[in-house]
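The values are calculated or read from the model by the stated rules, or taken from the named source; none is laboratory data. Keep in mind that this is a model prediction, so the values were computed, not measured. Virtual Cβ from ideal backbone geometry, glycine too; neighbours counted across all protein chains shown.
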(Lines give C-alpha, C1' and ligand atoms only; values in the text may rest on other atoms or scores of the structure.)
Protein backbone atom coordinates (compact mmCIF):
# COMPACT_ATOMS: atom_id res chain seq x y z
CA UNK A 1 0.00 0.00 0.00
CA UNK A 2 1.40 3.41 -0.98
CA UNK A 3 1.55 6.44 1.25
CA UNK A 4 -1.08 8.08 -0.97
CA UNK A 5 -3.59 5.29 -0.33
CA UNK A 6 -2.93 5.40 3.39
CA UNK A 7 -3.53 9.13 3.54
CA UNK A 8 -6.77 8.85 1.58
CA UNK A 9 -8.10 6.11 3.84
CA UNK A 10 -7.12 8.03 6.94
CA UNK A 11 -8.99 11.15 5.92
CA UNK A 12 -11.83 9.70 3.86
CA UNK A 13 -15.16 10.97 5.11
CA UNK A 14 -13.59 13.51 7.44
CA UNK A 15 -14.66 17.10 7.75
CA UNK A 16 -13.57 20.04 5.62
CA UNK A 17 -10.64 20.70 7.95
CA UNK A 18 -8.86 17.76 6.40
CA UNK A 19 -9.26 18.84 2.79
CA UNK A 20 -5.58 19.83 2.68
CA UNK A 21 -4.57 16.35 3.76
CA UNK A 22 -6.65 14.80 0.99
CA UNK A 23 -5.05 17.15 -1.53
CA UNK A 24 -1.67 16.16 -0.19
CA UNK A 25 -2.56 12.51 -0.72
CA UNK A 26 -3.55 13.19 -4.31
CA UNK A 27 -0.33 15.09 -4.96
CA UNK A 28 1.61 11.99 -3.91
CA UNK A 29 0.43 10.29 -7.10
CA UNK A 30 3.27 11.97 -8.97
CA UNK A 31 6.01 10.83 -6.58
CA UNK A 32 6.63 7.43 -8.21
CA UNK A 33 6.98 8.97 -11.67
CA UNK A 34 9.34 11.68 -10.47
CA UNK A 35 11.43 9.05 -8.66
CA UNK A 36 11.59 6.87 -11.79
CA UNK A 37 12.72 9.80 -13.94
CA UNK A 38 15.39 10.82 -11.42
CA UNK A 39 16.71 7.25 -11.28
CA UNK A 40 16.82 7.17 -15.07
CA UNK A 41 18.79 10.39 -15.45
CA UNK A 42 21.06 9.91 -12.42
CA UNK A 43 23.96 7.96 -13.97
CA UNK A 44 24.05 10.10 -17.16
CA UNK A 45 24.18 13.19 -14.92
CA UNK A 46 27.69 12.13 -13.92
CA UNK A 47 28.82 14.07 -16.98
CA UNK A 48 28.01 17.19 -14.95
CA UNK A 49 29.77 15.98 -11.82
CA UNK A 50 29.41 13.50 -9.00
CA UNK A 51 27.60 15.99 -6.78
CA UNK A 52 24.82 16.33 -9.36
CA UNK A 53 24.56 12.53 -9.52
CA UNK A 54 24.37 12.31 -5.71
CA UNK A 55 21.62 14.94 -5.53
CA UNK A 56 19.49 13.14 -8.14
CA UNK A 57 19.85 9.77 -6.38
CA UNK A 58 19.19 11.29 -2.95
CA UNK A 59 15.98 12.98 -4.09
CA UNK A 60 14.80 9.79 -5.83
CA UNK A 61 15.43 7.69 -2.72
CA UNK A 62 13.67 10.28 -0.53
CA UNK A 63 10.60 10.18 -2.78
CA UNK A 64 10.57 6.39 -2.67
CA UNK A 65 10.77 6.43 1.11
CA UNK A 66 7.89 8.90 1.26
CA UNK A 67 5.73 6.88 -1.13
CA UNK A 68 6.03 3.55 0.65
CA UNK A 69 5.81 2.79 4.40
CA UNK A 70 9.16 2.33 6.12
CA UNK A 71 7.94 -0.98 7.53
CA UNK A 72 7.56 -2.29 3.98
CA UNK A 73 11.09 -1.19 3.08
CA UNK A 74 12.38 -2.91 6.20
CA UNK A 75 10.60 -6.14 5.25
CA UNK A 76 12.07 -6.00 1.75
CA UNK A 77 15.59 -5.63 3.10
CA UNK A 78 15.19 -8.34 5.73
CA UNK A 79 13.80 -10.71 3.11
CA UNK A 80 16.87 -10.33 0.91
CA UNK A 81 19.46 -10.37 3.70
CA UNK A 82 17.94 -13.54 5.16
CA UNK A 83 18.52 -15.52 1.97
CA UNK A 84 21.74 -17.54 1.46
CA UNK A 85 23.45 -15.00 -0.78
CA UNK A 86 22.38 -12.19 1.51
CA UNK A 87 23.78 -14.01 4.54
CA UNK A 88 27.03 -14.60 2.66
CA UNK A 89 27.36 -10.89 1.94
CA UNK A 90 26.52 -10.07 5.56
CA UNK A 91 29.46 -12.26 6.58
CA UNK A 92 31.72 -10.10 4.41
CA UNK A 93 30.58 -6.98 6.28
CA UNK A 94 30.87 -8.68 9.67
CA UNK A 95 34.35 -10.03 8.96
CA UNK A 96 35.45 -6.58 7.80
CA UNK A 97 34.85 -5.14 11.26
CA UNK A 98 37.98 -6.67 12.89
CA UNK A 99 40.09 -4.57 10.51
CA UNK A 100 38.91 -1.53 12.46
CA UNK A 101 41.06 -2.69 15.36
CA UNK A 102 44.22 -2.26 13.27
CA UNK A 103 43.51 1.10 11.66
CA UNK A 104 44.78 4.48 12.74
CA UNK A 105 41.86 6.06 10.89
CA UNK A 106 38.87 4.50 12.65
CA UNK A 107 36.17 7.02 11.53
CA UNK A 108 37.33 6.81 7.90
CA UNK A 109 37.28 3.01 7.85
CA UNK A 110 33.98 2.71 9.72
CA UNK A 111 32.40 5.19 7.33
CA UNK A 112 33.53 3.12 4.32
CA UNK A 113 31.98 -0.09 5.69
CA UNK A 114 28.78 1.58 6.88
CA UNK A 115 28.29 3.55 3.65
CA UNK A 116 28.69 0.43 1.51
CA UNK A 117 26.13 -1.40 3.66
CA UNK A 118 23.70 1.52 3.32
CA UNK A 119 24.17 1.55 -0.47
CA UNK A 120 23.36 -2.17 -0.63
CA UNK A 121 20.14 -1.55 1.28
CA UNK A 122 19.25 1.36 -1.00
CA UNK A 123 19.68 -0.96 -3.96
CA UNK A 124 17.22 -3.40 -2.41
CA UNK A 125 14.76 -0.58 -1.70
CA UNK A 126 14.93 0.68 -5.29
CA UNK A 127 14.58 -2.83 -6.74
CA UNK A 128 11.62 -3.70 -4.51
CA UNK A 129 9.92 -0.41 -5.33
CA UNK A 130 10.20 -0.77 -9.12
CA UNK A 131 9.73 -4.51 -9.60
CA UNK A 132 6.36 -5.55 -10.98
CA UNK A 133 5.60 -1.92 -11.85
CA UNK A 134 6.12 -1.84 -15.63
CA UNK A 135 4.80 1.71 -15.94
CA UNK A 136 7.65 2.94 -13.73
CA UNK A 137 10.39 0.82 -15.30
CA UNK A 138 9.25 1.99 -18.73
CA UNK A 139 9.47 5.62 -17.59
CA UNK A 140 12.89 4.92 -16.08
CA UNK A 141 14.06 3.32 -19.33
CA UNK A 142 12.92 6.24 -21.49
CA UNK A 143 14.54 8.73 -19.12
CA UNK A 144 17.78 6.72 -19.15
CA UNK A 145 17.99 6.60 -22.94
CA UNK A 146 17.15 10.28 -23.49
CA UNK A 147 19.42 11.54 -20.70
CA UNK A 148 22.28 9.30 -21.83
CA UNK A 149 21.93 10.51 -25.42
CA UNK A 150 22.17 14.12 -24.26
CA UNK A 151 25.06 13.31 -21.91
CA UNK A 152 27.21 11.53 -24.49
CA UNK A 153 26.49 14.24 -27.07
CA UNK A 154 27.62 16.88 -24.58
CA UNK A 155 30.74 14.88 -23.67
CA UNK A 156 31.87 14.32 -27.27
CA UNK A 157 31.00 17.88 -28.29
CA UNK A 158 32.99 19.25 -25.37
CA UNK A 159 35.91 16.94 -26.08
CA UNK A 160 36.31 17.87 -29.74
CA UNK A 161 34.59 21.23 -30.26
CA UNK A 162 33.95 23.35 -27.19
CA UNK A 163 35.79 22.27 -23.99
CA UNK A 164 35.17 25.68 -22.40
CA UNK A 165 31.51 24.78 -21.84
CA UNK A 166 32.44 21.61 -19.92
CA UNK A 167 34.85 23.43 -17.60
CA UNK A 168 32.38 26.27 -17.10
CA UNK A 169 29.55 23.93 -16.06
CA UNK A 170 31.95 22.21 -13.66
CA UNK A 171 32.73 25.60 -12.10
CA UNK A 172 36.37 25.41 -13.21
CA UNK A 173 36.37 28.63 -15.18
CA UNK A 174 36.50 29.29 -18.91
CA UNK A 175 39.48 27.31 -20.19
CA UNK A 176 40.48 25.15 -23.12
CA UNK A 177 42.39 22.38 -21.33
CA UNK A 178 42.14 18.84 -22.68
CA UNK A 179 39.24 16.77 -21.36
CA UNK A 180 40.90 13.36 -21.77
CA UNK A 181 41.57 12.95 -18.08
CA UNK A 182 38.35 14.66 -16.96
CA UNK A 183 36.12 12.44 -19.11
CA UNK A 184 37.81 9.17 -18.18
CA UNK A 185 35.69 8.86 -15.05
CA UNK A 186 32.47 9.45 -16.96
CA UNK A 187 33.49 7.03 -19.73
CA UNK A 188 33.87 4.34 -17.05
CA UNK A 189 30.08 4.10 -16.66
CA UNK A 190 29.96 2.67 -20.19
CA UNK A 191 30.33 -0.81 -18.68
CA UNK A 192 27.16 -0.16 -16.67
CA UNK A 193 25.09 1.73 -19.22
CA UNK A 194 25.60 -0.25 -22.42
CA UNK A 195 23.95 -3.42 -20.99
CA UNK A 196 21.07 -1.24 -19.75
CA UNK A 197 20.66 0.29 -23.22
CA UNK A 198 20.25 -3.11 -24.82
CA UNK A 199 17.90 -4.25 -22.08
CA UNK A 200 15.68 -1.17 -22.18
CA UNK A 201 15.60 -1.19 -25.97
CA UNK A 202 14.22 -4.75 -25.85
CA UNK A 203 10.60 -3.61 -25.64
CA UNK A 204 10.88 -0.02 -26.90
CA UNK A 205 9.49 1.36 -30.11
CA UNK A 206 11.81 1.59 -33.10
CA UNK A 207 12.81 5.24 -32.61
CA UNK A 208 13.93 4.76 -29.01
CA UNK A 209 15.61 1.48 -29.89
CA UNK A 210 17.62 3.26 -32.58
CA UNK A 211 18.50 6.07 -30.19
CA UNK A 212 19.64 3.54 -27.58
CA UNK A 213 21.90 1.83 -30.12
CA UNK A 214 23.41 5.13 -31.30
CA UNK A 215 23.96 6.20 -27.68
CA UNK A 216 25.68 2.91 -26.89
CA UNK A 217 28.00 3.43 -29.86
CA UNK A 218 28.68 6.96 -28.61
CA UNK A 219 29.77 5.67 -25.20
CA UNK A 220 31.96 3.02 -26.80
CA UNK A 221 33.56 5.72 -28.94
CA UNK A 222 34.22 7.83 -25.83
CA UNK A 223 35.95 4.90 -24.12
CA UNK A 224 38.24 4.52 -27.12
CA UNK A 225 38.68 8.28 -27.55
CA UNK A 226 39.95 8.91 -24.00
CA UNK A 227 41.93 5.65 -23.94
CA UNK A 228 40.10 4.11 -20.98
CA UNK A 229 41.73 0.68 -21.00
CA UNK A 230 40.09 -0.30 -17.71
CA UNK A 231 36.65 0.10 -19.29
CA UNK A 232 37.80 -1.87 -22.33
CA UNK A 233 38.81 -4.69 -19.97
CA UNK A 234 35.43 -4.45 -18.26
CA UNK A 235 33.61 -4.60 -21.59
CA UNK A 236 35.65 -7.64 -22.61
CA UNK A 237 34.82 -9.31 -19.32
CA UNK A 238 31.13 -8.58 -19.85
CA UNK A 239 31.29 -9.91 -23.40
CA UNK A 240 32.98 -13.14 -22.28
CA UNK A 241 30.43 -13.72 -19.49
CA UNK A 242 27.51 -13.01 -21.82
CA UNK A 243 29.03 -15.42 -24.34
CA UNK A 244 29.29 -18.12 -21.66
CA UNK A 245 25.67 -17.54 -20.64
CA UNK A 246 24.55 -17.69 -24.26
CA UNK A 247 26.50 -20.91 -24.87
CA UNK A 248 24.90 -22.50 -21.81
CA UNK A 249 21.48 -21.46 -23.09
CA UNK A 250 21.77 -22.37 -26.76
CA UNK A 251 21.58 -25.98 -27.87
CA UNK A 252 22.94 -25.41 -31.37
CA UNK A 253 26.67 -26.00 -31.86
CA UNK A 254 26.66 -23.35 -34.58
CA UNK A 255 25.26 -20.74 -32.21
CA UNK A 256 27.80 -21.66 -29.56
CA UNK A 257 30.60 -21.43 -32.12
CA UNK A 258 29.45 -18.02 -33.43
CA UNK A 259 28.94 -16.43 -30.00
CA UNK A 260 32.09 -17.90 -28.49
CA UNK A 261 34.13 -17.13 -31.59
CA UNK A 262 33.03 -13.49 -31.57
CA UNK A 263 34.09 -13.09 -27.93
CA UNK A 264 37.49 -14.66 -28.63
CA UNK A 265 37.94 -12.48 -31.71
CA UNK A 266 37.22 -9.30 -29.71
CA UNK A 267 39.68 -10.36 -27.01
CA UNK A 268 42.45 -11.08 -29.50
CA UNK A 269 41.75 -7.85 -31.38
CA UNK A 270 42.13 -5.76 -28.22
CA UNK A 271 45.38 -7.52 -27.25
CA UNK A 272 46.81 -6.95 -30.74
CA UNK A 273 45.70 -3.29 -30.64
CA UNK A 274 47.45 -2.79 -27.31
CA UNK A 275 50.61 -4.48 -28.60
CA UNK A 276 50.72 -2.25 -31.66
CA UNK A 277 49.88 1.04 -29.94
CA UNK A 278 51.83 0.50 -26.70
CA UNK A 279 54.71 -1.73 -27.74
CA UNK A 280 57.20 1.11 -27.32
CA UNK A 281 56.57 1.18 -23.55
CA UNK A 282 58.75 -1.91 -23.18
CA UNK A 283 61.82 0.18 -23.93
CA UNK A 284 60.86 3.16 -21.76
CA UNK A 285 59.73 1.34 -18.60
CA UNK A 286 62.21 1.27 -15.68
CA UNK A 287 64.16 -1.93 -15.22
CA UNK A 288 62.41 -4.42 -13.02
CA UNK A 289 60.65 -7.76 -12.82
CA UNK A 290 57.12 -7.43 -14.21
CA UNK A 291 54.60 -10.24 -14.07
CA UNK A 292 52.92 -9.14 -17.33
CA UNK A 293 54.20 -7.23 -20.40
CA UNK A 294 54.17 -3.48 -19.71
CA UNK A 295 52.38 -2.84 -22.99
CA UNK A 296 49.50 -4.95 -21.68
CA UNK A 297 49.46 -3.69 -18.08
CA UNK A 298 51.46 -0.50 -17.51
CA UNK A 299 54.47 -0.72 -15.22
CA UNK A 300 52.93 1.82 -12.80
CA UNK A 301 50.00 -0.46 -11.99
CA UNK A 302 52.18 -3.54 -11.70
CA UNK A 303 54.55 -1.74 -9.34
CA UNK A 304 51.67 -0.36 -7.28
CA UNK A 305 50.16 -3.84 -6.96
CA UNK A 306 53.49 -5.27 -5.81
CA UNK A 307 53.83 -2.68 -3.06
CA UNK A 308 50.16 -3.09 -2.09
CA UNK A 309 50.61 -6.84 -1.64
CA UNK A 310 53.69 -6.19 0.52
CA UNK A 311 51.56 -3.90 2.73
CA UNK A 312 48.77 -6.51 2.81
CA UNK A 313 51.15 -9.19 4.07
CA UNK A 314 51.79 -7.13 7.21
CA UNK A 315 48.17 -7.77 8.32
CA UNK A 316 47.11 -10.63 6.04
CA UNK A 317 44.08 -12.06 7.82
CA UNK A 318 41.86 -9.10 8.72
CA UNK A 319 43.57 -6.17 7.04
CA UNK A 320 44.60 -2.71 8.14
CA UNK A 321 41.22 -0.96 7.76
CA UNK A 322 39.08 0.04 4.75
CA UNK A 323 40.09 3.03 2.65
CA UNK A 324 43.45 3.51 4.38
CA UNK A 325 46.10 1.72 2.31
CA UNK A 326 47.48 5.01 0.99
CA UNK A 327 48.31 5.99 4.59
CA UNK A 328 50.36 2.85 5.27
CA UNK A 329 54.06 3.31 6.13
CA UNK A 330 56.06 3.53 2.92
CA UNK A 331 53.03 4.26 0.74
CA UNK A 332 54.20 7.81 0.03
CA UNK A 333 57.49 6.75 -1.56
CA UNK A 334 57.94 7.98 -5.12
CA UNK A 335 57.43 5.48 -7.90
CA UNK A 336 60.48 5.49 -10.16
CA UNK A 337 59.83 6.68 -13.69
CA UNK A 338 56.23 7.78 -13.01
CA UNK A 339 56.72 11.52 -12.84
CA UNK A 340 55.96 11.98 -9.15
CA UNK A 341 53.41 9.21 -8.54
CA UNK A 342 53.56 7.50 -5.15
CA UNK A 343 53.99 3.72 -4.86
CA UNK A 344 50.49 3.74 -3.37
CA UNK A 345 48.52 6.70 -4.71
CA UNK A 346 44.94 7.21 -3.50
CA UNK A 347 44.30 3.47 -4.03
CA UNK A 348 45.92 0.46 -5.76
CA UNK A 349 43.66 0.50 -8.87
CA UNK A 350 42.64 -3.10 -8.21
CA UNK A 351 39.82 -4.14 -5.89
CA UNK A 352 41.33 -7.58 -5.11
CA UNK A 353 44.66 -6.15 -3.97
CA UNK A 354 42.95 -3.25 -2.20
CA UNK A 355 40.57 -5.45 -0.20
CA UNK A 356 43.31 -7.95 0.61
CA UNK A 357 45.29 -5.13 2.22
CA UNK A 358 42.35 -3.39 3.89
CA UNK A 359 39.88 -6.07 5.06
CA UNK A 360 42.14 -9.10 4.86
CA UNK A 361 42.17 -12.50 3.25
CA UNK A 362 39.26 -13.84 5.31
CA UNK A 363 36.71 -11.24 4.19
CA UNK A 364 38.08 -11.21 0.64
CA UNK A 365 37.68 -14.98 0.38
CA UNK A 366 34.04 -14.78 1.47
CA UNK A 367 33.41 -11.97 -1.03
CA UNK A 368 34.93 -14.01 -3.86
CA UNK A 369 32.79 -16.97 -2.78
CA UNK A 370 29.73 -14.71 -2.88
CA UNK A 371 30.59 -13.58 -6.41
CA UNK A 372 31.11 -17.16 -7.57
CA UNK A 373 27.78 -18.28 -6.11
CA UNK A 374 25.98 -15.29 -7.60
CA UNK A 375 27.56 -15.94 -11.01
CA UNK A 376 26.57 -19.61 -10.97
CA UNK A 377 23.04 -18.68 -9.97
CA UNK A 378 22.79 -16.10 -12.75
CA UNK A 379 24.00 -18.57 -15.38
CA UNK A 380 21.61 -21.26 -14.18
CA UNK A 381 18.68 -18.85 -14.08
CA UNK A 382 19.36 -17.61 -17.59
CA UNK A 383 19.78 -21.16 -18.89
CA UNK A 384 16.34 -22.05 -17.53
CA UNK A 385 14.40 -18.90 -18.36
CA UNK A 386 16.21 -17.06 -21.16
CA UNK A 387 15.19 -13.80 -19.48
CA UNK A 388 17.01 -10.89 -21.20
CA UNK A 389 17.09 -9.00 -17.89
CA UNK A 390 19.51 -11.61 -16.58
CA UNK A 391 21.90 -10.95 -19.47
CA UNK A 392 21.92 -7.30 -18.40
CA UNK A 393 22.64 -8.30 -14.78
CA UNK A 394 25.48 -10.58 -15.93
CA UNK A 395 27.00 -7.91 -18.18
CA UNK A 396 26.70 -5.11 -15.59
CA UNK A 397 28.28 -7.30 -12.90
CA UNK A 398 31.11 -8.54 -15.13
CA UNK A 399 31.78 -5.03 -16.40
CA UNK A 400 31.97 -3.58 -12.90
CA UNK A 401 34.17 -6.25 -11.31
CA UNK A 402 36.28 -6.60 -14.47
CA UNK A 403 37.04 -2.91 -14.89
CA UNK A 404 37.49 -2.65 -11.12
CA UNK A 405 40.66 -4.70 -11.50
CA UNK A 406 42.26 -1.63 -13.09
CA UNK A 407 40.41 1.56 -12.17
CA UNK A 408 38.72 3.15 -9.14
CA UNK A 409 38.93 2.41 -5.45
CA UNK A 410 36.46 -0.21 -4.27
CA UNK A 411 35.25 2.32 -1.69
CA UNK A 412 34.57 5.08 -4.20
CA UNK A 413 31.03 6.17 -3.30
CA UNK A 414 29.85 7.30 -6.74
CA UNK A 415 31.25 4.16 -8.40
CA UNK A 416 29.63 1.83 -5.87
CA UNK A 417 26.27 3.58 -6.10
CA UNK A 418 26.32 3.63 -9.90
CA UNK A 419 26.88 -0.13 -9.95
CA UNK A 420 24.24 -0.86 -7.31
CA UNK A 421 21.78 1.38 -9.14
CA UNK A 422 22.42 -0.32 -12.50
CA UNK A 423 22.11 -3.73 -10.85
CA UNK A 424 18.86 -2.87 -9.06
CA UNK A 425 17.32 -1.44 -12.22
CA UNK A 426 18.37 -4.47 -14.28
CA UNK A 427 16.69 -6.77 -11.78
CA UNK A 428 13.56 -4.62 -11.68
CA UNK A 429 12.85 -4.62 -15.40
CA UNK A 430 9.93 -6.94 -16.01
CA UNK A 431 10.67 -8.63 -19.32
CA UNK A 432 10.14 -12.02 -17.75
CA UNK A 433 9.37 -13.67 -14.46
CA UNK A 434 12.76 -14.77 -13.25
CA UNK A 435 14.42 -12.95 -10.36
CA UNK A 436 17.82 -13.82 -9.00
CA UNK A 437 17.45 -11.47 -6.06
CA UNK A 438 14.28 -13.02 -4.70
CA UNK A 439 14.42 -16.78 -4.21
CA UNK A 440 10.65 -16.87 -3.78
CA UNK A 441 9.93 -15.50 -7.24
CA UNK A 442 8.49 -17.63 -10.00
CA UNK A 443 10.62 -20.05 -11.94
CA UNK A 444 13.10 -20.26 -9.10
By residue number, the members of the stretch 377-407 that are within 25 Å of residue 298 (Cβ to Cβ) and buried (at least 19 other Cβ atoms within 10 Å of the Cβ) are 398, 399, 400, 401, 402, 403, 404, 406, 407
Quick check, is residue 320 at negative phi, crowded, with 17+ Cβ neighbours inside 10 Å and modelled with pLDDT of 90 or more?
-> yes
For the stretch 101-124, state whether one or more residues are within 30 Å of residue 165 (Cα to Cα) and surrounded by fewer than 17 Cβ atoms within 10 Å (Cβ to Cβ).
-> no
Complete set of residues in the stretch 274-291 that are assigned to a loop (DSSP other than H, G, I, E, B) and touching a residue at least 40 places away in the same chain (Cβ under 8 Å) | 285, 286
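Let's see how each residue does on (1) farther than 23 Å from residue 264 by Cα; (2) crowded, with 19+ Cβ neighbours inside 10 Å:
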| site | (1), (2) |
| --- | --- |
| 189 | yes, yes |
| 200 | yes, yes |
| 206 | yes, no |
| 235 | no, yes |
| 242 | no, yes |
Residue 129 passes all but one of (1) buried (at least 21 other Cβ atoms within 10 Å of the Cβ); (2) modelled with pLDDT of 95 or more; (3) closer than 24 Å to residue 426 by Cβ; which number fails?
-> (2)
Do we have residue 243 as free of Cβ contacts under 8 Å to residues at least 40 places away in the same chain, out of contact with any strand residue (DSSP E or B) (no Cβ under 8 Å at 6 or more places or on another chain) and either part of a helix (DSSP H, G or I) or closer than 21 Å to residue 41 by Cα (or both) here?
-> yes
Residue 294 passes all but one of the listed conditions (1) free of Cβ contacts under 8 Å to residues at least 24 places away in the same chain; (2) within 30 Å of residue 357 (Cα to Cα); (3) part of a helix (DSSP H, G or I); the exception is number (3)
Determine whether residue 294 is touching a helix residue (DSSP H, G or I) at 6+ places or on another chain (Cβ under 6 Å), under 30 Å from residue 276 (Cβ atoms), at pLDDT 95 or above and buried (at least 20 other Cβ atoms within 10 Å of the Cβ).
-> no
Given the conditions (1) within 28 Å of residue 136 (Cβ to Cβ); (2) surrounded by fewer than 20 Cβ atoms within 10 Å (Cβ to Cβ); (3) within 16 Å of the chain's Cα centre (by Cα), every one holds for residue 210 apart from (3)
Which fully enclosed helices (runs of 4 or more DSSP H) of the stretch 59-163 have 2 or more residues being under 30 Å from residue 316 (Cα atoms)?
-> 84-96, 106-130
Out of (1) over 25 Å from residue 114 (Cβ atoms); (2) outside any loop (DSSP other than H, G, I, E, B), what's the single condition that is false for residue 354?
-> (1)
Look through 271, 223 and report the one residue that is under 28 Å from residue 178 (Cβ atoms), touching a residue at least 24 places away in the same chain (Cβ under 8 Å) and in contact with a helix residue (DSSP H, G or I) (Cβ under 6 Å, 6 or more places away or on another chain).
-> 223
For residues in the stretch 39-59 being in contact with a helix residue (DSSP H, G or I) (Cβ under 6 Å, 6 or more places away or on another chain) and free of Cβ contacts under 8 Å to residues at least 40 places away in the same chain, which is surrounded by the most Cβ atoms within 10 Å (Cβ to Cβ)?
-> 56
Residue list for the stretch 324-341, filter: at pLDDT 85 or above and part of a loop (DSSP other than H, G, I, E, B) | 324, 328, 329, 330, 331, 332, 333
Among the residues of the stretch 171-187, the number that are assigned to a loop (DSSP other than H, G, I, E, B) and exposed (fewer than 14 other Cβ atoms within 10 Å of the Cβ) is 8
Could you list all residues from the stretch 65-74 that are touching a helix residue (DSSP H, G or I) at 6+ places or on another chain (Cβ under 9 Å) and either more than 24 Å from residue 415 (Cβ to Cβ) or at pLDDT 95 or above (or both)?
-> 66, 67, 68, 69, 72, 73
Can you work out which of the residues in the stretch 338-376 that are farther than 26 Å from residue 87 by Cβ and within 21 Å of the chain's Cα centre (by Cα) is surrounded by the fewest Cβ atoms within 10 Å (Cβ to Cβ)?
-> 346
If you check residue 334 against the conditions, is it surrounded by fewer than 23 Cβ atoms within 10 Å (Cβ to Cβ), in contact with a strand residue (DSSP E or B) (Cβ under 9 Å, 6 or more places away or on another chain), free of Cβ contacts under 8 Å to residues at least 12 places away in the same chain and more than 30 Å from residue 137 (Cβ to Cβ)?
-> yes
